[in-house]
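Engineer: The following block contains the structure, expressed as structure tokens.
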Amino acid sequence: MTFDAWIRIGSFAGLFILFYLLERLWPRRPRRTQGFWSNLLLAPSGSIASRILIPLGLVVFAATWRKGLFPWIGLPRLAGIFAGVLALDLVIYLQHRLFHRIPWLWRFHRVHHSDLELDVTSGIRFHPGEILLSSLIKLSAIALLGLSAPAVLVFEILLNATSLFNHSNLALGGIRDRCLRWVIVTPAMHEIHHSAWPGELDRNFGFNFPWWDRWFGTYSARSLAPDPIPIGLPGQDGRHLGYWQMIVDPFRRRPRVRPESVEPASNVSVL
């Protein structure tokens with residue numbers, strides 16, 4: 001487990017540097033002006049919270065259970081890794097939709113959507129509470145499915161890579177983007193999910209693969225907003241949140257976007 005942790009940390013650091021350099025060479029939007037360091041601080045905060053609050057025994061149990069669905073089916077090792085990555089990605093897609101739909105979960109997830117500028121640091125801008133809840137959901141799925149350690153490791157590395165990639169301020173070009181988004185979520189595709197335009201917050205939920213959005217009817221090929229797409233939440237009025245403001249934000253009352261709303265006049269309600 002310690003070895004796997006170092007692999008995840010090393011791959012994350014390398015990918016973060018890679019996409020940070022690429023987005024500075026080929027930016028889609030003007031470079032970030034605020035929030036860079038605040039976003040960076042949230043990542044270790046979430047990891048520390050998960051380490052402290054999730055018992056080690058629970059992590060070991062989920063990683064060594066091996067009595068779930070996949071062992072019962074008897075999938076070969078490589079097939080189990082591939083199927084495990086797909087299954088966990090579907091779990092994350094469904095979890096993402098729940099965090100948008102259930103009000104108290106949205107309070108934690110809206111910290112991610114309150115970023116007014118998208119770049120590689122947006123891919124790690126998640127409230128510690130959301131990371132903790134997401135970790136518990138993933139551990140439950142790992143145990144129920146009986147996933148192997150290699151399957152979990154491959155998924156975690158892939159999830160880190162795609163989160164950094166599809167939040168990055170990287171210009172791919174129209175043709176490359178249209179081709180890539182058949183197999184992976186691209187920055188232009190995920191940017192729509194961060195749009196402040198009415199109704200677009202509940203489109204393009206995928207992190208790794210775009211297929212779930214296409215199959216479940218949440219895919220949007222292009223934004224209806226004027227270019228450049230406004231990023232953030234309605235009612236935010238251009239206010240950036242600092243680190244401590246992000247930490248306490250789930251416990252504050254402020255407007256929430258209703259997924260079913262498409263009209264600007266009825267797009268917010270107080271939570």
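One line per residue, one yes/no per condition, for (1) small (Gly, Ala, Ser); (2) at pLDDT 85 or above; (3) loosely packed, with under 15 Cβ neighbours inside 10 Å:
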residue	(1), (2), (3)
63	yes, no, no
75	no, no, no
78	no, yes, yes
83	yes, yes, no
89	no, yes, no
92	no, yes, no
95	no, yes, no
98	no, yes, yes
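Engineer: Only one of 148, 114, 135 is at pLDDT 90 or above, out of contact with any strand residue (DSSP E or B) (no Cβ under 8 Å at 6 or more places or on another chain) and more than 19 Å from residue 49 (Cα to Cα); which?
Structural biologist: Going through 148, 114, 135 in turn, just one is at pLDDT 90 or above, out of contact with any strand residue (DSSP E or B) (no Cβ under 8 Å at 6 or more places or on another chain) and more than 19 Å from residue 49 (Cα to Cα): 114.
Engineer: Residue under question is residue 21, and the condition is that it be on the phi < 0 side of the Ramachandran plot, part of a helix (DSSP H, G or I) and within 17 Å of the chain's Cα centre (by Cα); does it hold?
Structural biologist: When the stated conditions are applied, residue 21 does not pass them.
Engineer: If you scan the range 11-50, which residues turn out to be modelled with pLDDT under 90, exposed (fewer than 12 other Cβ atoms within 10 Å of the Cβ) and over 27 Å from residue 192 (Cβ atoms)?
Structural biologist: 44
Engineer: Could you check the range 160-183 and list, in sequence order, the residues that are under 17 Å from residue 90 (Cα atoms) and surrounded by fewer than 19 Cβ atoms within 10 Å (Cβ to Cβ)?
Structural biologist: Within the range 160-183, 182, 183 meet the criteria.
Engineer: All but one of (1) at pLDDT below 95; (2) over 28 Å from residue 83 (Cα atoms) hold for residue 108, so report the exception by its number.
Structural biologist: (1)
Engineer: Within the range 106-120, count every residue that is part of a helix (DSSP H, G or I) and within 17 Å of residue 187 (Cα to Cα).
Structural biologist: 3
Engineer: Which residues, taken from the range 160-204, are in contact (Cβ under 8 Å) with a residue 40 or more places away in the chain, polar (S, T, N, Q) and closer than 23 Å to residue 86 by Cβ?
Structural biologist: 160, 162, 163, 166
Engineer: Continuing with this model, one more query. Here is a check on your reading of the model: is residue 212 assigned to a helix (DSSP H, G or I) and either aromatic (Phe, Trp, Tyr) or more than 17 Å from residue 39 (Cβ to Cβ) (or both)?
Structural biologist: The answer is yes for residue 212.
Engineer: Need at least 2 residues that are touching a Lys or Arg at 6+ places or on another chain (Cβ under 7 Å) per element, so show me which helices (runs of 4 or more DSSP H) inside the range 121-194 make the cut, counting only ones lying wholly within it.
Structural biologist: Counting at least 2 such residues, we get 149-167, 187-193.
Engineer: Can I ask one more? Out of the residues in the range 206-234 that are closer than 12 Å to residue 113 by Cβ and hydrophobic (A, V, I, L, M, F, W, C), state the one that is modelled with the highest pLDDT.
Structural biologist: 231
Engineer: From the set of residues in the range 232-248 that are surrounded by 14 or more Cβ atoms within 10 Å (Cβ to Cβ) and in contact (Cβ under 8 Å) with a residue 60 or more places away in the chain, which is nearest to residue 49 (Cα to Cα)?
Structural biologist: Checking each candidate, the answer is 247.
The values are calculated or read from the model by the stated rules, or taken from the named source; none is laboratory data. Small disclaimer: the values here were computed from a predicted structure and weren't measured. Note that each Cβ is placed from the backbone with ideal geometry, even for glycine, and that neighbours are counted across all protein chains shown.
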